[in-house]
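What follows is a short report on a single structure.
The values are calculated or read from the model by the stated rules, or taken from the named source; none is laboratory data. The model shown is predicted, which means the values in this text are computed figures rather than measured ones. All Cβ positions, even for glycine, are placed from backbone atoms using ideal geometry, and neighbour counts span all protein chains on display.
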Amino acid sequence: MVEKIYPPHAAGVAEPESVLAEKLVGHRLRGAEGTAATAAIHWGFGALAGAAYGGLAEYFPAATAKDGASFGLALATLTQETALPAMGLAEEAGEQTVREQTSEMTSHVVYGLITETVRRLVRPRLG
């Protein structure tokens, strides 16, 4: 949602999820096929990261520091500044514009805050 308000990339620049989807299938994805593949990667990764965070929080409560904001910053650093450039899916951190960097950090901090809020609401109901 933050990326809709404050997009990290200029219009026409492919998102890492789109680049990954096309690398996986070996050809350019267009229309609904591209949209579905990109969404599956984006939301699937988010769900896996959230689940990993929930598990980590059970055994290492310090992971919930700053109401999940620290998790969001760590995730942004691991993905946007490390893994994605290493995989050729995004520019190196030093080559990214200030807008890209601040948008990615902001959206990941918001993701971390929401993930922690959901964890706090759901966890007591799990027993």
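Quick one: how many residues across the range 44-67 are surrounded by 11 or more Cβ atoms within 10 Å (Cβ to Cβ) and outside any helix (DSSP H, G or I)? Residues in the range 44-67 being surrounded by 11 or more Cβ atoms within 10 Å (Cβ to Cβ) and outside any helix (DSSP H, G or I): 0 in total.
If you check 64, 77 for being under 23 Å from residue 125 (Cα atoms) and among the polar types (S, T, N, Q), only one passes: 64. Selection within the range 68-108: residues that are without any contact (Cβ under 8 Å) to a residue 24 or more places away in the chain and acidic (Asp, Glu). The member of this set that is surrounded by the fewest Cβ atoms within 10 Å (Cβ to Cβ) is 95.
Using the structure shown, decide if residue 112 is in a helix (DSSP H, G or I) and in contact (Cβ under 8 Å) with a residue 12 or more places away in the chain. Please lay out each step first, then the result.
Working: in a helix (DSSP H, G or I): yes; in contact (Cβ under 8 Å) with a residue 12 or more places away in the chain: yes.
So residue 112 fits the description; yes.
Annotation note: Cβ proximity below 6 Å between a residue of the range 26-55 that is within 18 Å of residue 71 (Cβ to Cβ) and a residue that is among the polar types (S, T, N, Q) and surrounded by 11 or more Cβ atoms within 10 Å (Cβ to Cβ) (sequence gap 6+ or interchain) occurs for 50/115; 53/115.
Regarding residue 2, is this residue under 30 Å from residue 126 (Cβ atoms) and either in contact with a Ser or Thr (Cβ under 7 Å, 6 or more places away or on another chain) or modelled with pLDDT under 95 (or both)?
yes
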